[in-house]
Amino acid sequence: MQIQLETQPYSSIQADALVTYVFDKENKFDGALGDIDRAMNGRLSSLATSGELTGKSLELVLVHFPEGLAAQRLLLVGAGKPDKFAVSDLRKIAGTAVRHLKSRGVKTFVFLTREGERGPAAAQAAVEGLIVADFESDKYRTDRKDRDIQCVSLAGFDTALGANLTAAIDHGRVVAESQNFARDLINEPSNRLTPRMLAARAEAMAKEAGLGIEVLDERKIAELKMGALIGVAQGSVEPPRVIVVRYTPENPRLGAPVLGLVGKAVTFDTGGISIKPANNMEKMKYDMGGGATMLGAMRALAALKPSVSVIAVIPATENMPGGRAQKPGDVQVAMSGKTIEVINTDAEGRLILADGIFYARKLGCTHLIDAATLTGAIEVALANVNVGAFGTPREYLDRFLESAKAVGEKMWPMPMDDEYEEMIKSNIADIRNTGSGKGGGAITGAWFLKEFAEDTPWIHLDIASTCWVDDGRPWLAKGPTGVAIRSIVDFALKM
Ligand code: BES
Ligand code: ZN
Ligand code: ZN
C-alpha cells in the first residue's frame, strides 16, 4: 500500500473515495465537513436529521458521486463521542475504511483528517490502522482475491510540520509492517513452521533489518543445560532451537540498561502426554505467538533505533507426545539449577520460558519483558479484550502500561501476591509447573516465570486470548492480531 502526504486541496484529489469521520451527535458541521455539506447542498445535514448519519462509533455511511468532490465516493466513519475520542482511535477509523472499501473494489482513497488531529501522532496512528487493516489470512487460498488498496493520500494534515509528519508516517509504516510480519508467522501451520523453519525466518528477517542473530541448536542447548526446554522438546522428532536476536545502538554506554524480550514459541502444542482434546487443537499452531511478537518488535526496533540495547531470546519447540516424551511427575532441572516437578505436560510454555528468561539474564539483560500464549485461564479472566499484564516491581509494569495506553492496546494489570507463590510449591522438587487447580491459573503461571526472573525488573504478557481473534473486527481480519508489538516498541523507544 502506497501512502502519501497530500498538499493539494482534498476536494480536487481524484480517487475512488474520500474518507473522513463524524462525531456522535455532530449535527452542525463546520470546518472541512461544513464545506463538504455546503457543496452537497446540505445533504450531510439532512442525513444527520433523518438519523442515517449519527456518528456513533464505526458507523459507516457511503455516498456515491458526491457533488463538489473529485472523488467518486464519500465514506463517513463514525468516531463516537468527542469526549471519549483519542488520537489512537484513528487506527480503527482508518482501518475500518480500508476493510469496507476494499470489499467494494476500491483501489485508491483520500483519508481526510479533522481539525483536532493534524499532527504527527495522528498521522502515525492513521498509517498504522491502514496497513494493519490491509492484512488478510488468505496466503494458502488459490482463489484469493488480492483486493489490496493500492494508494492512500493523507489530507488535512498540517504540512507546515514537514519532516515531523513524514517521520511519523515512516514510523507508522515500520510498526504496522512489523505487526503484519508477526501475523504472517503466527498464521503458518506447524508443518510449514517448525522450530528450525522459524529460526530460518528469523535469520532472514535479521539479515534484512541489520540485526545480529545467533541460533542455538540442540547440541548447544544441551551444553547450556536448558533442562526445562529439553524436557518439552524430547517428545518430538523436531529438534528445538533458541533464537537470539540483538539490536545494539550506535554508541552503547557501559552499564546502560539492556532490555530482554523473551517470547514463547511452541510451534505446535498438542499438550504432550497430558494431551489436549481434538476440538480446536488446530489452533495450537499459534502457540508461537509470543516468539513472533518479539521478532516483530525487533524488526521495528532495527529501523526505529532506540538508544537502549535490546536482546530477544526465543525458545522454540514442538510439544508432542512421542515415545521419549516427558511424563507427568517427571522432575527436570532448569538451566538456573532449580528443580521442577512436571505435573502437567501441557503447562509447557512456562518450562521453556524458565530457561529463556534465565538465559536472557545470563546474556546481560537488566530488564525483561516476556510474551506468551501461556494460559487458557487468562481468557476466563479478561476474555479477548485485554492482554493480562503481570510484573514486578509494580512501577516497572506501570510504565509499560503507559506505553500500551499511548498506542491504543488494551492491557490489564494482574495481581502478584505472595499467596499465589504458595500454590506452585512441590512436594519433591523446588516448584511444580501447575497451581493447586483452585483457580488463579494465569497468576500461578506468571509466578512460575518470576521464579526465574527473580529480582530483575520483569513484565509478563499473557496473550493467549488476544493474539488470535476468531471473528474479524471492522478494522482487523480474523486470525492473528499482532497484539503487544506496538506497546513493546513504544516502551523500548522511551526507555
Ligand atoms: N498453549 C496453552 C495455552 C493456550 C490456551 C493458548 C488456549 C491459547 C489458547 C498452554 O500451553 C496450556 O496448555 N496451558 C494450560 C496450563 C494448565 C495445564 C496449567 C491451560 O491453560 O490449560
Ligand atoms: Zn500447553
Ligand atoms: Zn502452550
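All of ILE488, ILE428 fail the test of being among the β-branched types (Val, Ile, Thr) and under 20 Å from ARG299 (Cβ atoms), apart from ILE488. Given the criteria away from ligand 1 (no atom under 12 Å from the Cβ), among the small types (Gly, Ala, Ser) and in contact with a helix residue (DSSP H, G or I) (Cβ under 8 Å, 6 or more places away or on another chain), does GLY260 qualify? So GLY260 passes the test. When the residues of segment 266-289 are filtered to those that are touching a residue at least 12 places away in the same chain (Cβ under 8 Å) and aliphatic (A, V, I, L, M), the one that is surrounded by the most Cβ atoms within 10 Å (Cβ to Cβ) is MET288. Checking the stated criteria, ARG253 turns out not to satisfy the condition of being of a type in the set (D, E, K, R), exposed (fewer than 15 other Cβ atoms within 10 Å of the Cβ), more than 14 Å from ligand 3 (Cβ to nearest atom) and modelled with pLDDT of 95 or more. Candidates are the residues of segment 305-322 that are closer than 24 Å to THR194 by Cβ and open to solvent by 40 Å² or more (accessible area, probe 1.4 Å); the one that is nearest to ligand 3 (Cβ to nearest atom) is MET320. For VAL342, the conditions (1) within 26 Å of ARG486 (Cα to Cα); (2) open to solvent by less than 30 Å² (accessible area, probe 1.4 Å); (3) of a type in the set (Val, Ile, Thr); (4) within 15 Å of ligand 1 (Cβ to nearest atom) are fulfilled apart from (1). Among the residues of segment 39-60, those identified as without any contact (Cβ under 8 Å) to a residue 12 or more places away in the chain and open to solvent by 30 Å² or more (accessible area, probe 1.4 Å) are SER46, SER50, GLY51, GLU52. Screening the candidates LEU363, LEU353 for the property of being of a type in the set (A, V, I, L, M), open to solvent by less than 30 Å² (accessible area, probe 1.4 Å) and modelled with pLDDT of 95 or more yields one hit, LEU353.
For segment 328-354, the set of residues classified as in a loop (DSSP other than H, G, I, E, B), hydrophobic (A, V, I, L, M, F, W, C) and more than 12 Å from ligand 2 (Cβ to nearest atom) consists of ALA334, MET335, ILE343, listed by residue number.
Taking residues in segment 323-339 that are farther than 19 Å from VAL237 by Cβ and of a type in the set (Ser, Thr, Tyr), and partners anywhere that are open to solvent by 50 Å² or more (accessible area, probe 1.4 Å) and outside any strand (DSSP E or B), the pairs with Cβ atoms closer than 7 Å and at least 6 places apart or on different chains are THR339/ASP430.
When each of ARG114, ARG118 is tested for being open to solvent by 60 Å² or more (accessible area, probe 1.4 Å), in a loop (DSSP other than H, G, I, E, B) and under 17 Å from TYR21 (Cα atoms), the lone residue that passes is ARG118.
The residues listed here are ALA325, ALA302, ALA292; of these, the one that is within 16 Å of ligand 1 (Cβ to nearest atom), open to solvent by less than 40 Å² (accessible area, probe 1.4 Å), outside any strand (DSSP E or B) and within 29 Å of LEU211 (Cα to Cα) is ALA292.
Of the candidates ILE459, ILE443, the single residue that is at pLDDT 95 or above, open to solvent by less than 30 Å² (accessible area, probe 1.4 Å), farther than 29 Å from LYS327 by Cβ and not in a loop (DSSP other than H, G, I, E, B) is ILE459. Looking across segment 61-70 at every residue that is within 36 Å of the chain's Cα centre (by Cα) and crowded, with 17+ Cβ neighbours inside 10 Å, the one that is nearest to ALA39 (Cα to Cα) is identified as VAL63. Being within 25 Å of GLY34 (Cβ to Cβ), among the polar types (S, T, N, Q) and more than 25 Å from the chain's Cα centre (by Cα) is true for just one of THR96, THR113, THR142, THR108. Which residue is that? Result of the check over THR96, THR113, THR142, THR108: THR113. Selection of segment 446-456 for residues being crowded, with 20+ Cβ neighbours inside 10 Å, of a type outside the set (A, V, I, L, M) and in contact with a Leu (Cβ under 9 Å, 6 or more places away or on another chain) yields PHE448, PHE452. Applying the condition of being β-branched (Val, Ile, Thr) and within 16 Å of ligand 2 (Cβ to nearest atom) to segment 244-281 and asking which residue is nearest to GLU188 (Cα to Cα) yields THR267. THR375 falls short of the stated requirement of being farther than 20 Å from VAL469 by Cβ, within 16 Å of ligand 2 (Cβ to nearest atom) and among the polar types (S, T, N, Q). PHE135: surrounded by 16 or more Cβ atoms within 10 Å (Cβ to Cβ), aromatic (Phe, Trp, Tyr) and over 17 Å from VAL483 (Cα atoms), yes or no? No: the conditions fail for PHE135. Scanning segment 8-24 for residues that are touching a helix residue (DSSP H, G or I) at 6+ places or on another chain (Cβ under 9 Å) and open to solvent by 10 Å² or more (accessible area, probe 1.4 Å) returns TYR10, SER11, ASP16, PHE23, ASP24.
Inspect segment 295-303 for any residue being of a type in the set (Lys, Arg) and either in contact (Cβ under 8 Å) with a residue 60 or more places away in the chain or in contact with a strand residue (DSSP E or B) (Cβ under 6 Å, 6 or more places away or on another chain) (or both) and give the result as yes or no. Yes, segment 295-303 contains at least one residue that is of a type in the set (Lys, Arg) and either in contact (Cβ under 8 Å) with a residue 60 or more places away in the chain or in contact with a strand residue (DSSP E or B) (Cβ under 6 Å, 6 or more places away or on another chain) (or both).
You will find that of ALA265, ALA233, ALA182, ALA222, the residue that is over 20 Å from PHE135 (Cα atoms) and in contact with a Leu (Cβ under 9 Å, 6 or more places away or on another chain) is ALA265 and no other.
The values are calculated or read from the model by the stated rules, or taken from the named source; none is laboratory data. These numbers come from a predicted model, not from an experiment. Please note: Cβ atoms are built from the backbone with ideal geometry, for glycine as well, and neighbour counts cover all protein chains shown. These accessible areas exclude ligands, DNA and RNA; they are computed on the full protein's heavy atoms, side chains included. Shrake-Rupley method; radii C 1.70, N 1.55, O 1.52, S 1.80 Å.
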